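Read through the structure below, which is laid out as structure tokens, and then see the notes.
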Amino acid sequence: MSDQTPDEPTASRPEAEDAVPGGQVAPTPPDEAERLAELRSMGVLDSGPNPDLDALVDMAALVAGSRIALITLVDEDEQVFKAAYGLDATGTPRDVSFCGHAIASGPDPMVINDSRADPRFADNPLVTGDPHVVFYAGIPLVTGAGHAIGTLCVIDDTPRNLEPRQLEALGRLATQATGLIELGRRHRQARTATDPHTGLTQADARSAGLDAVDAARADRAADSGRGVDGPPLRAGDTARTRTIEADLPGVVDANQLVVHYQPIVRLSSAEWIGAEALVRWHHPELGVVMPDEFIPLAEDLDLIGAIDQHVLRVALHDMAAGRVPGHEIAVNVSPADLVPGLPDVVAAELWDSGVAPAALVVEVTERLRVDQRPEAVQVLRELVDLGVRVAVDDFGAGATSLANLRQMPVSRLKLDRSLVADLDGPDARRAALVVRALAQLSSDLGVEVLGEGVETPRQAEMLISEGVMLGQGFLFGRPAALSVD
Ligand code: C2E
Ligand code: MG
Ligand code: MG
């Protein structure tokens with residue numbers, strides 16, 4: 001990276017369209033000195049990975065259906081890949097960069113359908129060699145002050161084009177990316193400013209506050225006999241695990257599973273549109289065992305298929321009998337359930353119950369790594385062919401979410417409750433930007449978005465204002481058993 005100060009002139013760069021080995025160098029933007037000053041003031045060039053920007057490039061690749069998506073920052077001599085999907089590199093010299101051209105010709109997107117037929121790029125080593133940039137679309141990241149600091153770009157190794165709505169969606173993503181980068185600068189400025197009364201920076205004050213929160217968490221954990229992060233740490237814990245393991249194989253036959261239902265609502269009206277089935281195990285000695293405690297074990301012991309089929313059957317029959325409010329029923333299936341026999345099982349259960357396929361939503365957690373389970377995607381496609389809808393559960397809880405999503409026939413995203421909780425936490429503005437980006441793009445793609453774990457009216461309001469239409473959470477109703485009449 002250059003150590004030149006922002007104010008120094010950049011006379012060393014060729015002026016315009018000079019021939020260089022491997023193509024033509026981009027013209028220098030007229031605001032080059034101010035642009036570089038702005039870029040360096042952002043502190044993003046060496047601030048390390050940013051998960052929010054990573055999520056945006058994943059989404060860009062999804063929207064464009066492209067092999068590669070990048071957020072690039074065009075510095076004086078090099079372009080830095082701030083976030084990359086599908087390319088394992090940190091940057092290139094500026095002289096060969098496509099993005100240098102894009103920022104100079106901006107603010108409109110620069111789309112090169114076939115770089116091999118374009119004299120500016122035909123001999124470029126990025127075209128003739130890896131990664132074979134044949135198709136390129138770059139949207140300049142234009143700051144509030146009007147300087148293009150880099151691009152959001154998508155790349156493929158074959159000639160192609162983009163639909164106008166794809167380009168529009170990429171434009172929105174680029175705006176979100178610039179917003180996140182600018183927000184980062186404001187945060188850093190605020191964190192390093194000192195409080196006149198205490199002499200502390202916000203960062204100092206925050207870490208002191210976090211220490212206090214950690215201490216309180218540890219105290220609560222000790223009081224309740226739980227570990228801070230792990231499973232319950234009670235005396236007799238191993239005996240409990242042994243009992244669960246021993247009794248789990250007989251759980252369906254012993255009729256000890258109880259299905260609870262939690263309402264799914266339209267946020268604007270709080271109207272119940274349906275419910276999610278959530279299983280509980282009423283164990284004769286242990287009492288109610290929650291799914292987080294026994295579902296992972298059932299997956300390990302290969303018992304999950306029978307449990308999930310039971311829950312599906314009960315939920316469909318409750319739905320058919322009009323005992324579940326609303327017009328749709330959502331059930332969870334574990335990644336291990338996505339085997340070739342599942343569509344037949346689902347079809348048979350739908351037939352038996354008389355519930356229409358369109359009323360069933362199958363929730364697949366984003367723990368499913370579709371890249372490692374291509375047959376699982378085929379199973380999901382067959383479910384969709386039946387008329388069943390697929391939702392991705394706990395979306396945003398893991399790093400691979402968007403990459404996963406590209407390959408799945410999805411009609412609903414359930415935003416993980418950690419994302420929803422952040423909406424009225426200390427980083428609310430940033431969380432709102434992420435939620436807004438996801439909601440906008442999902443709506444462009446015809447995918448519904450639902451906020452999970454809505455506990456406060458503020459979270460519900462924020463979700464609505466960011467474009468999320470559906471919600472679920474304690475605010476609207478806890479999971480509950482059907483009342484016995
Ligand atoms: P999930 O599918 O994401 O279900 C939502 C979980 O969040 C439920 O936990 C629900 O009680 C909880 N929840 C709902 N609203 C709120 C809220 O406002 N605040 C908070 N803090 N929590 C809320 P639950 O019932 O303990 O289920 C945990 C997980 O177990 C489920 O997460 C799902 O992944 C799995 N699971 C539940 N039933 C089944 C099942 O029949 N089959 C399979 N394979 N997995 C199941
Ligand atoms: Mg679920
Ligand atoms: Mg969830």
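Read the figures in this text as sums done on the coordinates, not as results from a lab. Note that the structure is predicted; figures quoted are calculated from it, not measured. When we count neighbours, we look across all protein chains shown, and the Cβ atoms used for this are built from the backbone with ideal geometry, even at glycine.
Close amide-amide hydrogen proximity is noted between VAL390 and VAL362, SER411, ARG412, each under 5 Å apart and 5 or more residues distant or on a separate chain (H modeled in the peptide plane; Pro and chain starts excluded).
Available extension along the chain between ASP444 and SER411 is 10.7 nm, counting 0.36 nm per residue and deducting the alpha carbon span. When the inverse distances between all different Cα atoms of the stretch 19-189 are averaged and flipped, the Kirkwood radius reads 15.7 angstrom. Under 5 Å between amide hydrogens, built in the peptide plane, is the criterion, and for ALA83 it picks out ILE71 among residues at least 5 positions away or on other chains. In order along the stretch 134-146, the Karplus-derived 3J(HN,Hα) couplings, from 6.51 cos²θ - 1.76 cosθ + 1.60 at θ = phi - 60°, round to 8, 9, 9, 10, x, 10, x, 8, 9, 6, x, 7, x Hz, and Gly and Pro are given as x. Footprinting exposure proxy ranking of VAL468, VAL142, fewest other C-beta atoms within 10 angstrom first, gives VAL142, VAL468. Less than 5 angstrom separates the built amide H of GLU276 from those of GLN262, ILE264, ALA330, all sequence-distant by 5 or more or on a different chain. Spacing of the modelled spin labels on GLU293 and ALA145, each 7 Å from Cα toward Cβ, amounts to 5.7 nm. Rounded to the nearest Hz, the phi-derived 3J(HN,Hα) couplings of the stretch 45-59 under the Karplus curve 6.51 cos²θ - 1.76 cosθ + 1.60 (θ = phi - 60°) are 4, 10, 8, x, x, 10, x, 5, 5, 4, 5, 5, 5, 4, 5, where x marks glycine and proline.
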